[in-house]
1. Net charge near ASN89, counting Lys/Arg +1 and Asp/Glu -1 over other residues with Cβ under 12 Å of its Cβ?
2. Alpha carbons only, please: Rg and Dmax for region 37-139, in angstrom.
3. Would you pull out the residues with amide H under 5 Å of ILE95's amide H, same chain only if 5 or more places away, H placed 1.01 Å from N?
4. Which entries of LYS122/LYS178; LYS122/LYS193; LYS54/LYS162 have Cα-Cα distances beyond 22 Å here?
5. If you add up the charges near THR150, with Lys and Arg at +1 and Asp and Glu at -1, over every other residue whose beta carbon is less than 11 angstrom from its beta carbon, what do you get?
6. Which of the aspartates and glutamates could be linked to LYS58 by a straight reach, that is with a Cα gap under 13 Å, when you skip same-chain ones fewer than 8 residues away?
7. Taking region 119-185, which trypsin sites (Lys or Arg not before Pro) meet the DSSP loop condition and have no more than 13 other C-beta atoms within 10 Å?
Amino acid sequence: MNIFNLCNLVLTIICYISAIGIPVGATDNSYNPDSIFQFTVKDIDGADVNLGDKFNRKAKAFLIVNVASSWGKTQRNYDQLQQLQEKYNQKGLEILAFPCNQFGHQEPGSDEDIKQFAREEKHATFNIMAKTDVNGQTASLLFKTLRDVTMHGEPIAWNFAKFLCNGDGMPVRGYPPKMDPLRIENDIIALLK
């Protein structure tokens, strides 16, 4: 094999790796296609948040939830998420709430309306992100990955589906919308140890 053929081979391999989405130079320890750290999302103020830059090595567990303002269980879910935030945030839990209007149009407001509701009415101190689709063609890649890893790609059934991820950003388990957040507490504690 001459140098020209070798260069072509190397270039072909690099192009292939780039095409399938593995960053060139990544090692098994630095990249995992299922980790939430690969994603950039928007917060409730519209700012980009790279989950890897913001949270990698700074948290031991993540609870990611699609939330809504107008569901019958909104009050209970917000209250219990806030209880978990107050009890475990200093121990390494990060809660990321993603408002979603795909279920019964129960989150119809603007991001500003949602922020006012979450912060002023519900007194939520956890991370509130921008309104996000969790199912279908317009679903965020974050939620597609969470569904693929924990639900075998099945669609989310309703508001307040919950996903627990470990400190490496790897999805560990998904929980149905009707499960109260406090019922996940023991699973959270196990990751915080």
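1. +2
2. Looking at region 37-139, its Cα Rg and Dmax stand at 13.3, 37 Å.
3. Sorted by chain and number, the residues that satisfy this are LEU63, ASN127.
4. Beyond 22 Å: LYS122/LYS193.
5. After counting each charged neighbour, the total is 0.
6. Result set, ordered by chain and number: GLU94, ASP168.
7. LYS178
Here, each number is a calculation from the coordinates, and none is a lab measurement. As the structure is a prediction and not an experimental result, all values here were calculated from the model. Please note: Cβ atoms are built from the backbone with ideal geometry, for glycine as well, and neighbour counts cover all protein chains shown.
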